[in-house]
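Any read-out appearing in this document is the output of simple, stated calculations on the displayed coordinates, not a laboratory observation. Quantities reported herein were computed from a predicted structural model and do not represent experimental measurements. Positions of Cβ are generated from backbone atoms using ideal geometry, with glycine treated the same way; all protein chains shown enter the neighbour counts.
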Amino acid sequence: MSDIINSIFKAGELITAFDGEIYGIIALTLWVTVAGALIAAALSLPLGITIGSKNFTGKRFLIRIINTLMGLPPVVAGLVVYLFLSRNGPLGRLGLLFTPAAMVLAQVIIVTPIITGLVIAIVKLKHQPVTETCKGLGMKSPLIFIMLLRECKYPLFSALLAGYGRAVSEVGAVMLVGGNIQYQTRVMTTAILLETGKGNYDRALALGMILIIISFMINWLLQRFQEAK
């Protein structure tokens with residue numbers, strides 16, 4: 001127990017004693033996770049709202065596929081991106097493998113089903129009562145859609161936060177497609193894995209503390225933005 005406490009205190013001291021590399025790691029972590037989450041949100045919100053509010057043939061089957069992909073192992077998503085971007089893959093000529101762009105693509109594949117599934121569940125609960133109320137007031141389809149968004153805005157925002165939380169905690173896929181290259185594709189999670197493997201537990205714990213602080217600050221800012229709305 002005392003060893004754990006000593007490691008925590010030592011990690012706290014290391015937070016202020018890291019070399020300049022840590023700033024690049026933090027910046028890349030923010031860029032990859034925010035870009036991945038935003039792109040996934042741009043794809044997921046219209047898709048989830050459409051599926052949740054419309055009735056069509058094959059809807060249940062499509063929802064089951066999305067729900068299955070919500071639990072997609074990250075390393076599988078990373079493997080798919082790796083195969084597509086490798087030299088012999090369909091997109092190999094783009095030269096994106098082991099770059100931040102490949103890491104963002106992996107994040108999008110992982111996060112999109114999560115946000116989409118949550119949005120579908122949210123809209124399915126709210127769609128019918130909102131639609132019936134709006135039609136009773138004589139509203140047309142565009143206004144009904146706007147009212148549905150307003151009614152669901154808080155749970156939708158929570159779905160986006162859940163998606164970002166998944167992105168910032170990802171390690172397997174970004175390690176596979178990014179390669180954890182120093183000064184190029186090393187992010188917080190892969191740096192923690194590296195330091196743990198080297199036996200630098202104090203340094204790994206310090207990096208973990210920084211990652212938690214970053215996640216807290218981003219969630220706090222987003223919550224403030226939500227409350228301001």
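Descriptive notes on the structure:
- Peptide ranges 42-50, 174-182, 99-107 listed from the most packed, as the mean C-beta count within 10 angstrom indicates: 99-107, 174-182, 42-50
- Rounded to 10°, Cα long-axis angle of helix 2-15 versus longest principal axis of the chain: 80
- Once the gyration tensor of the Cα atoms in the chain is diagonalised, the equivalent ellipsoid follows with semi-axes of 38, 23, 14 Å, ordered largest first.
- Relative contact order [Cα under 8 Å, 6+ residues apart], segment 120-228, whole percent: 18
- Of T50, L94, I25, farthest towards positive along the dipole that unit charges on Lys, Arg, Asp, Glu beta carbons give the chain: T50
- Against the chain, whose longest principal axis is taken from its Cα atoms, helix 59-70 shows a tilt of about 10°.
- Principal axis analysis of the Cα atoms in segment 105-194 yields extents of 60, 17, 16 Å, listed in decreasing size.
- Under a model in which nothing but the beta-carbon of Lys, Arg (+1) and Asp, Glu (-1) is charged, the chain shows a dipole of about 1160 debye around its Cα centre.
- In the chain, lysine pairs with alpha-carbon atoms under 24 angstrom apart (chain gap of 8 or more, or interchain): 21
- Compared with the dominant Cα axis of the chain, that is its longest principal axis, helix 141-168 is turned about 20°.
- Looking at segment 86-195, the chymotrypsin sites (Phe, Trp or Tyr not before Pro) that sit in a DSSP loop and have at most 15 other Cβ atoms within 10 Å of their own Cβ are Y183.
- The trypsin sites (Lys or Arg not before Pro) found in segment 134-180 that occupy coil by DSSP, while having at most 11 further C-beta atoms within 10 Å, are K140.
- Per-peptide packing, taken as the mean over residues of other Cβ atoms within 10 Å, places 87-96, 118-127 in the sequence 118-127, 87-96 from highest down.
- Applied to segment 200-214, the Karplus parametrisation 6.51 cos²θ - 1.76 cosθ + 1.60 on θ = phi - 60° returns per-residue 3J(HN,Hα) values of 8, 5, 5, 5, 5, 5, 5, 4, x, 4, 4, 4, 5, 4, 4 Hz, with x for Gly and Pro.
- As a length-normalised measure over Cα pairs under 8 Å and 6 or more apart, the relative contact order of the chain settles at 30 percent.
- Across segment 69-154, C-alpha contacts under 8 Å between residues 6 or more apart give a mean separation that, scaled by the residue count, equals a relative contact order of 24 percent.
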